[in-house]
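To keep things clear, I will list the structure first and then write my remarks on it.
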Amino acid sequence: MTDNRIVLFGATGYTGKLTAAALVRRGEKPVLAGRNAGALASLSDELGGLPTAVADVAKPASVRALVGKGDVLLSTVGPFHRWGEPAAEAALDAGANYLDSTGEPAFIRRVFEKWDAPARSSGIAMLTAFGYDYVPGNLAAALALEEAGPAATSVVVGYFTRGGTSISKGTLTSAAQAALEPGFAWRGGAIRQEPVGRDLLRHPVESSRIRTSFSVSGTEHYSLPRVFPNVRDVRVGMGLGDVASPAMWAGTKITQPLLKIPGARSLARKAVVTTLRGSGGGPSDDFNTRSGCIVTAHAYAKDETELARVTLEGPSVYGFTAEVLAWGAQQLAADSVTGTGALGPVEAFGLERLRTACASFGLRAT
């Protein structure tokens, strides 16, 4: 057990509960935090009696009161575009290390562009999107780029599931809101704004098969070029199946122009907020046991010659997220992190340590 406290904010949500259990399995006694005292008490009892604290993003001072200097604030409270800022600001103000489970481009960009410098000044590490989106892609891409060497100037990452797809209500809400916000990518050696789903990416994962995905924005775009300065282009894709991925890509070609109509984006945001309220349940334990993930990375030379290919296979999306969040929080609490500011997974822990940790959760190269 580490000396510094780990505070899990959003502990009673779907991802929060899985992460709380993972922390307990690692010998930690996290403070369970959220806005429902009764639900917190019930979860505490289930996990053998853990400390609890009531906090609500609508009352930022209550979130600030959760942590002190040297603590770790782990947030699973989403959608982060709407509710994520109080936790990040609380960590900065307190001098507490921070990590979260978001996958939302707008929030990821805020962490890297708005809070990086203040985090460095505070001497803390901020690890955003530290779950299935986007730790495995960072790992796969770094392994491919390491193998390819300095001749590699671009990398393409693909996220896929096996055994079906099932998501929590919180993930659905976050994804719907994220689709309405501008995305980004690392192109030509700089961050460029572009919509989610701009590109249909192709991933030759097997000798006779090409998987497809639609482009998304992740931490890979910010963090990989820091570790591999020769990389000029980073592309990341989310695969939903041989038919669904092209359909999603085609759909963005229709919706993105519509969102440019004055007032349309605002109306769409209101519709999402009204229709998709809060978090809820998620995939069953049985589904999580049967399902898994596949993550690919291809490193290319300037002339588009493929130099290296890495494929990782692992456990369920939510199972991996809970395990890697718990591990990351434990490392931060033990001050076992390299650097300060907004960091990617490889920057924070080094390639070999990250690879070893992910392998212990079942995510391994095939």
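A few comments on the model shown:
- Residues within the range 342-366 that are within 15 Å of PRO225 (Cβ to Cβ) and part of a strand (DSSP E or B), tallied: 1
Residue by residue, here is whether (1) within 22 Å of THR102 (Cα to Cα); (2) at pLDDT 70 or above; (3) in contact with a helix residue (DSSP H, G or I) (Cβ under 8 Å, 6 or more places away or on another chain) holds:
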position	(1), (2), (3)
VAL155	no, yes, yes
THR161	yes, yes, yes
SER168	yes, no, yes
ALA176	yes, no, yes
VAL196	yes, yes, yes
HIS203	no, yes, no
GLU206	no, no, no
VAL234	yes, yes, yes
GLY239	yes, yes, yes
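- Answer from GLY68, GLY49 - the residue that is without any contact (Cβ under 8 Å) to a residue 24 or more places away in the chain, assigned to a loop (DSSP other than H, G, I, E, B) and of a type in the set (Gly, Ala, Ser): GLY49
- Filter pass, GLU323 being at negative phi, among the acidic types (Asp, Glu) and surrounded by 24 or more Cβ atoms within 10 Å (Cβ to Cβ): yes
- Residue, nearest to PHE349 (Cα to Cα), within the range 78-132, restricted to residues that are out of contact with any Phe, Trp or Tyr (no Cβ under 9 Å at 6 or more places or on another chain) and of a type in the set (Phe, Trp, Tyr): PHE130
- Check on GLY38, small (Gly, Ala, Ser) and outside any helix (DSSP H, G or I): no
- Of all residues in the range 101-152 being at pLDDT below 95 and among the acidic types (Asp, Glu), the one that is nearest to ALA22 (Cα to Cα): ASP133
- The residue that is least open to solvent (accessible area, probe 1.4 Å), among those in the range 55-79 that are under 17 Å from the mean Cα position of the chain (by Cα) and more than 19 Å from LYS29 (Cα to Cα), is PRO79.
The values are calculated or read from the model by the stated rules, or taken from the named source; none is laboratory data. Everything quoted here is computed from the prediction, not taken from an experiment. As a convention, Cβ positions derive from the backbone with ideal geometry for all residues, glycine included, and neighbour counts pool all protein chains shown. Accessible surface areas use protein heavy atoms only, side chains included; no ligands, DNA or RNA. Shrake-Rupley method; radii C 1.70, N 1.55, O 1.52, S 1.80 Å.
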